[in-house]
Amino acid sequence: MIRRYFEGLSRFEAAFVVAVACLAVAGIGFAFRPHSDGGDSTAPRPTPTAKKLPVVISSAEPALIDAAWERSEMGLPPPPGSDAPFTERVLDEIREKTLVMAGIRAQIGTRCEGGQVTVKKGEWTLCTATYQGVELVWEVLVEDVTGGGSWTVQLIDYQVFPPDSGVLLAKAVQGRFWAQHHEHAKELRCDRIPPLKRVTLDEDTGYRCQYLAVDGDAPRWVNTKVILDEAGPVFREIE
């Protein structure tokens, strides 16, 4: 039957017919083959790919502090009373601000140029906080002075401005990153960061941290920049 069908065809024409028939059969087989990407697929979710940073963050940092902590938890004594010398109150504020910025408890030495803050409207005074050997210069501006004398209370309006640079500590970075992300992430990692390094405030330090987010349809690595501001290490997602 097949032989009679090909009678009268050239050898080239017969080969063409056979090829078309084979393609048709293959197409039918594909149509009846089950698809692997349907709703009933049991294939595992793809493993997220990313360059993993070298340091695994697996626990909280017990020495970590932030602005919400009590002074006693920061290792600070009770604040000076309202009758304490003005310079003493300013230096106490600078000690607390320096601790919050660093994020790890430590003893801090403080001093002001000339030995005290100049109490005069519009005057600036430089006061230095020393954290683990690193000197950070804060600026104090007296904006207004009212009252004074033997019969009245002197009121001093002032502001304390942060230094241009601060101290970035590996423990603070790792502890803050754990505190912010461990509840919704499967894995946390950071660059190798020196134990302590002076960095410019509010600028990218060049260090990175990342976490494996598992709250979506599939796990994904989220990479962040490490930045130091007046309140300590902060993390900004890299788009």
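Coordinate-derived values only; no laboratory data. For clarity, every value in this text was computed on a predicted model and none was experimentally measured. Cβ coordinates were reconstructed from backbone atoms using ideal geometry, including for glycine residues, and neighbour counts include every protein chain displayed.
For Val119 and Ala60, a Förster radius of 41 Å and the Cβ-Cβ distance give a FRET efficiency of 0.45, rounded to the nearest 0.05. Annotation: extensible slack from Arg198 through Ala67 equals 45.1 nm (criterion: 0.36 nm per residue apart, minus Cα-Cα distance).
Please work out the C-alpha center-to-center distance from the stretch 179-239 to the stretch 70-116 and express it in whole Å. Centre-to-centre (Cα) distance: 29 Å. Taking other C-beta atoms within 10 Å as the exposure proxy, Phe161, Phe177 rank Phe161, Phe177 from fewest upward. Annotation for Asp215 and Asp144: the two label points, set 7 Å from Cα along the Cα-Cβ direction, are 4.4 nm apart.
Phi angles of the stretch 95-111 translate, via the Karplus equation with coefficients 6.51, -1.76, 1.60 and θ = phi - 60°, into HN-Hα couplings of 4, 5, 5, 5, 4, 4, 4, 5, x, 10, 4, 6, 6, 10, x, 9, 7 Hz per residue; Gly and Pro are given as x. For the stretch 71-166, relative contact order (Cα pairs under 8 Å, six or more residues apart, normalised by length) works out to 19 percent. Ranking of Ser59, Ser165, Ser82 by neighbouring Cβ atoms within 10 Å, starting from the fewest: Ser82, Ser59, Ser165.
Cross-link partners of Lys186 among lysines, defined as those whose alpha carbon lies under 23 angstrom from its own and excluding same-chain residues fewer than eight positions apart: Lys51, Lys52, Lys171, Lys225.
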